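Peer 1: I am attaching a structure below and will ask some questions about it afterwards.
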Amino acid sequence: MDYSIELRNIGKIFDEKVVLRNLSFAVQPGKIIGYIGPNGAGKSTTIKLIMGLIEPDTGEIYINGELIHAGDQEYKKHIGYVPEASDVFEVLTAVEYITFIAELYGIDATEAEMKTRQLLDVLGLSASADKRLATFSKGMRQIVLLIGALIHNPDIIFLDEPLNGIDANTVLVIEEILGKLRDEGKTIFYSSHIMDVVQRLSDQILMLNNGAIAANGTYQELVNNDQNASLQSLFNDLTGFQEHGEKATEFVNIVTGGAPDAATVSEE
């Protein structure tokens, strides 16, 4: 069986800094993949490489069993993408923006508008459908971006911090949507710092640290079936970060005046 996504020995360097080193993993269709790691670990770079937005320095990327090359466009018709931060055409309304995206994927304009209005209604934005995006909150924009990424029914979906700013009730709906899309055979590549969501949704978890895979497996496999373990604690262990308590204390001491004064610190 072909993997929906496969990376083989990917390397990427920016300004003499190694961002990804011999990165290799494979993803089966019909799975939600939680892709996690510290800031700067290379998560967004990985997604941009698979999307063809940047090119690897070394290694190969396969989509649905086919090796992709610089400039390839055909495979992108089957991909949806919600970036971590994205500019939108603020002069457009929500309906105009999503319809425009749908037409880029070859959907008829009339069908695209009808489908857009239906999707906005499901996610609670029907009253704002014809308002300009400049008036939208961050969460409302995220919903528009999500609809734009899914409206063409892609086989592979990349979500980079997709729930930022979205209210709790809508988050529950979106989580259900992702589960149902997974059950339809879609591959969902989900990158987030919200560990409980990743833990709850993911069929497979890839943990990236220093540009390489530090862990790969189901949540239960990664915690060795320890019911008391959490993905956050595993993340801390694998990334070597155990200073959260000390840093919190230091911060509060500085804010409240409980920290040593600057002269004392300099003398030490």
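The values are calculated or read from the model by the stated rules, or taken from the named source; none is laboratory data. What you see is a predicted model, and the numbers here were worked out from it, not measured in a lab. When we count neighbours, we look across all protein chains shown, and the Cβ atoms used for this are built from the backbone with ideal geometry, even at glycine.
Peer 1: Would you mention how many residues in the stretch 140-170 are surrounded by 15 or more Cβ atoms within 10 Å (Cβ to Cβ), over 25 Å from residue 103 (Cβ atoms) and at pLDDT 90 or above?
Peer 2: The number of residues fulfilling the criteria is 1.
Peer 1: Which members of the stretch 150-175 meet the condition of being β-branched (Val, Ile, Thr) and part of a loop (DSSP other than H, G, I, E, B)?
Peer 2: Once the filter is applied, which keeps residues that are β-branched (Val, Ile, Thr) and part of a loop (DSSP other than H, G, I, E, B), the stretch 150-175 yields 151, 166.
Peer 1: So, residue 178, is that one in contact with a strand residue (DSSP E or B) (Cβ under 9 Å, 6 or more places away or on another chain), surrounded by 18 or more Cβ atoms within 10 Å (Cβ to Cβ) and assigned to a strand (DSSP E or B) or not?
Peer 2: no
Peer 1: Still on this structure, please answer the following. Residue by residue through the stretch 32-50, note down the ones that are in contact with a strand residue (DSSP E or B) (Cβ under 9 Å, 6 or more places away or on another chain) and either among the acidic types (Asp, Glu) or surrounded by fewer than 18 Cβ atoms within 10 Å (Cβ to Cβ) (or both).
Peer 2: Those that are in contact with a strand residue (DSSP E or B) (Cβ under 9 Å, 6 or more places away or on another chain) and either among the acidic types (Asp, Glu) or surrounded by fewer than 18 Cβ atoms within 10 Å (Cβ to Cβ) (or both): 38, 40.
Peer 1: Scan the stretch 165-183 and tell me whether some residue there is touching a Ser or Thr at 6+ places or on another chain (Cβ under 8 Å) and within 27 Å of residue 221 (Cβ to Cβ).
Peer 2: no
Peer 1: Here's a check for you: in the stretch 60-102, which residue that is more than 28 Å from residue 130 (Cα to Cα), of a type in the set (D, E, K, R) and at pLDDT below 95 is surrounded by the fewest Cβ atoms within 10 Å (Cβ to Cβ)?
Peer 2: Among those residues, the one meeting the criterion is 74.
Peer 1: Regarding residue 129, is this residue aliphatic (A, V, I, L, M) and either over 20 Å from residue 80 (Cβ atoms) or within 23 Å of the chain's Cα centre (by Cα) (or both)? Please lay out each step first, then the result.
Peer 2: On the way: aliphatic (A, V, I, L, M): yes; either over 20 Å from residue 80 (Cβ atoms) or within 23 Å of the chain's Cα centre (by Cα) (or both): yes.
When the stated conditions are applied, residue 129 passes them.
Peer 1: Among the listed residues 238, 234, 178, which satisfies the condition of being under 29 Å from residue 49 (Cα atoms) and modelled with pLDDT of 90 or more?
Peer 2: 178
Peer 1: List pairs: first residue in the stretch 1-28 and without any contact (Cβ under 8 Å) to a residue 60 or more places away in the chain and within 20 Å of residue 156 (Cα to Cα), second residue surrounded by 14 or more Cβ atoms within 10 Å (Cβ to Cβ) and charged (D, E, K, R) anywhere in the structure, Cβ distance under 7 angstrom, at least six positions apart or on different chains.
Peer 2: Matching pairs, first to second residue: 8/60; 26/6.
Peer 1: Looking only at the stretch 122-139, count every residue that is of a type outside the set (S, T, N, Q), exposed (fewer than 15 other Cβ atoms within 10 Å of the Cβ) and not in a helix (DSSP H, G or I) and tell me the total.
Peer 2: The total comes to 3.
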